[in-house]
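This report concerns only the one structure given below.
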Amino acid sequence: MKAGLAARISWGLLLTVLYLFLLAPVIIVLVVSFDTSTFLRFPPEGFTLEPYRQVFANPDFQEGIKVSAITAATTTALALACGIPAALALSRLRFRGRGAVEAAFLSPLLVPNIVLGLALLILFAPIPLTDTYWGLILAHLGITIPYVVRTISAALAGADPRAEEAARTLGAGPFTVFRRITLPAIRPGLFSGGIIAFLLSFDETVISLFVSGHNVRPLPVAVLQYVEYRSDPSIAALSVCLVLLSVVAVVLVERGLGLRQSLRS
């Protein structure tokens, strides 16, 4: 019994050390975000909330947050509009070339973002779609739709198709079946896919670097351009805010709808 207790304590200590190692960068950034210094340093000289005030007072960050929020919200809506019928077709229909279509939807996940960004720059430049909202939105759709299709497909896999068949047998039309039967069954996948798509679009940096410009500049690009010339605790404060945004979104999905369940294949 003592040996078992010692083993559990050892595993507990090992997991604690591992978690501390993984969280160490975030903890350091959190501590530095309250520093009174005019440049990034650790340990901090003092404690102040001024870096957080500077984040929301910086016009470049304000414009970047606006651009990222508009782009992410529009991308999420379009990704859901495209992902729902795609997931329904891949999950409910059996047709020739189904595997190729499914692979095509998931293929952007296999290509490095820097390659996608360069390809999109070459494609968008002559149109022109670079330095526009629609250029950013179309670019982000390529990396968000696969996640939406995946989460909705996982939700459909857990839904009972017999309920849809029963509704059709009783005279319900396709739209009614979708609205009353299918949509409530896949709501966790929809919500989870939408949150993932929003966060991916909001935080996307590499592809945004290629297709954005001076007029339409999302927050990650604005941050990169800011740190080219200065490095102060406001960057750490902004990083903490973005991490908290992601954590709150994921916790809400997990607590309310079950993120792990919706992602289960």
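A few points about this structure:
- Centroid-to-centroid separation of segment 57-99 and segment 139-174 [C-alpha atoms, Å]: 16
- The alpha carbon gyration tensor of segment 1-141 gives principal lengths a ≥ b ≥ c with a/c of 1.5 or higher and a/b no greater than b/c, which makes the shape oblate.
- Per-pair calculated FRET efficiency, R0 = 35 Å: W134 and A104 via Cβ, rounded to 0.05: 0.95
- The ranking of L238, L23 by Cβ neighbour count inside 10 Å, starting from the fewest, reads L23, L238.
- Ranked S107, S192, criterion: other C-beta atoms within 10 Å, fewest first: S107, S192
- Relative contact order [Cα under 8 Å, 6+ residues apart], the chain, whole percent: 31
- Prolate/oblate/rounded label for the chain (Cα gyration tensor, a/c 1.5): oblate
- Peptide ranges 224-231, 135-142 listed from the most packed, as the mean C-beta count within 10 angstrom indicates: 135-142, 224-231
- Angle in degrees between helix 59-92 and the longest Cα principal axis of the chain, rounded to the nearest 10: 20
- Acute angle (nearest 10 degrees) that the helix 133-158 long axis makes with the longest principal axis of the chain, alpha-carbon atoms: 60
Each reported figure results from applying straightforward, stated rules to the coordinates on display, with no laboratory input. Everything numeric in this text was worked out from a predicted model, so none of it was measured. Ideal geometry is used to build each Cβ from the backbone, glycine not excepted, and the neighbour counts take in all protein chains shown.
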